[in-house]
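Trainee: So that we are looking at the same thing, I have put the structure below in structure tokens.
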Amino acid sequence: LFGLKRPANIQALSERLMATMESTDSPPSPPFPWRVLLVSIIASLNNMAFGYDVGVVSGSLLDMAGSLDLSLSEQELATSGLNFVSGIGALAGAGFVMDSLGRRATLMVSSLLLVIGGAFVTPPHS
């Protein structure tokens, strides 16, 4: 019928079909992206540290305003100064520094500035 030949042995055909179905495995699953996880953890720690900095400034704002006699505008500048300066640095300096120094040197310079800034603000002043 319609030029199709009926197989002589249906049992042999079904065995061959089952063998081909068993031999085709599903494609291997991709490995777990450890690098993505590590970068995500570092980025979240960075955001937590940034939020901690803003919280510390906001918490000490009443003491700063009282002892330094800051106006409301100066208090707002003290609170948003970190955001403002980091935004200027990212827009103005990061591209130029990255183009002139390269990726590794830029990371080294920014890490060094972070360590120097932390060492500057860490010691007690009294």
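Trainee: Please give the length that would be gained between residue 84 and residue 100 if that part of the chain were fully extended, namely 0.36 nm times their separation in residues minus their C-alpha to C-alpha distance (nm, one decimal). Can you show the working numbers first?
Mentor: Numbers: separation 16, 0.36 × 16 = 5.76 nm, distance 2.41 nm.
The span from residue 84 to residue 100 would gain 3.4 nm if fully extended.
Trainee: On a 1.4 Å probe surface of the protein chains, which of 100, 44 comes out largest in accessible area, and what is the full order?
Mentor: Working: 100 75, 44 50 Å².
Accessible-area ranking of 100, 44, largest first: 100, 44.
Trainee: Can you work out the Karplus-derived ³J(HN,Hα) for every residue in the range 29-44? Use 6.51 cos²θ - 1.76 cosθ + 1.60 with θ = phi - 60°, whole Hz, and x for glycine or proline.
Mentor: Residue by residue, the range 29-44 yields 6, x, x, 5, x, 4, 4, 5, 4, 5, 5, 5, 5, 5, 5, 5 Hz.
Trainee: Not counting ligands, DNA or RNA, and with a 1.4 Å probe, what is residue 114's accessible surface area in Å² rounded to the nearest 10?
Mentor: Accessible area of residue 114: about 130 Å².
Trainee: Quick one: if you stick a label point 7 Å off each Cα along the C-beta vector at residue 77 and residue 52, how many nm between them?
Mentor: For residue 77 paired with residue 52, the spin-label model returns 2.9 nm.
Trainee: At 1.4 Å probe size, put 32, 120 in order of accessible surface, largest to smallest.
Mentor: On the way: 32 120, 120 150 Å².
Order by accessible area, largest first: 120, 32.
Trainee: Moving on. Working out 0.36 nm times the residue gap between residue 110 and residue 42, then minus their Cα-Cα distance, what length gain in nm do you get to one decimal? Display every interim value, and only then the final one.
Mentor: Working: separation 68, 0.36 × 68 = 24.48 nm, distance 1.54 nm.
Result: 22.9 nm gained on full extension.
Trainee: Within the range 14-126, what whole-number % of the accessible surface is contributed by carbon and sulfur, with the 1.4 Å probe and all protein chains included in the calculation? Don't skip to the answer; put the middle values down first.
Mentor: Values: 6950 of 9770 Å².
Roughly 71 percent of what the probe reaches on the range 14-126 is carbon or sulfur.
The values are calculated or read from the model by the stated rules, or taken from the named source; none is laboratory data. Predicted, not measured: the structure shown is a model, and the values here were computed from it. Note that each Cβ is placed from the backbone with ideal geometry, even for glycine, and that neighbours are counted across all protein chains shown. For the accessible areas, the whole protein counts, side chains as well, though only heavy atoms, and no ligand, DNA or RNA atoms are used. Shrake-Rupley method; radii C 1.70, N 1.55, O 1.52, S 1.80 Å.
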